[in-house]
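Asks: This structure is in structure tokens; I'll ask about it shortly.
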Amino acid sequence: MDDATPTINLKVNSQDGHKLTFKMKRDTKLIRLLLIYCERKHLNYSSMRFLYNGKRIKGRHTPDLLNMEDNDEIDAMREQDGGC
């Protein structure tokens, strides 16, 4: 992580293979990025799950807290109900 750079570019990958890139401050809560992603894709935030390195992202997390680096990727997944 380059602490001298106050901003970071993050890519959000959808299940259909599309990617959106966002530029944000390293100390900004990721909820802002996640809500904007949902708005642009016409998705309900409460029905989505976002993963970074296979672990769920919480809105209160920041890129710094998760040790994210420039051009890291977040996976956007629709929440699925369990089986039978």
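Asks: Scan the strands (runs of 3 or more DSSP E) fully inside the chain and keep the ones with 1 or more residues being without any contact (Cβ under 8 Å) to a residue 24 or more places away in the chain.
Replies: Ranges flagged: 7-13, 19-25, 48-52.
Asks: Right, something else. Checking ARG60 against (1) in contact with a helix residue (DSSP H, G or I) (Cβ under 8 Å, 6 or more places away or on another chain); (2) surrounded by 11 or more Cβ atoms within 10 Å (Cβ to Cβ): exactly one of these is not met. Which one?
Replies: (2)
Asks: All but one of (1) at positive phi; (2) in contact with a strand residue (DSSP E or B) (Cβ under 9 Å, 6 or more places away or on another chain); (3) not β-branched (Val, Ile, Thr) hold for GLU73; state the number of the condition that does not hold.
Replies: (1)
Quick note: the coordinates plus some simple rules give every number you see, no bench work behind them. Nothing here was measured: the structure is a model prediction, and the numbers come from that model. All Cβ positions, glycine included, derive from the backbone under ideal geometry; neighbour counts span all protein chains shown.
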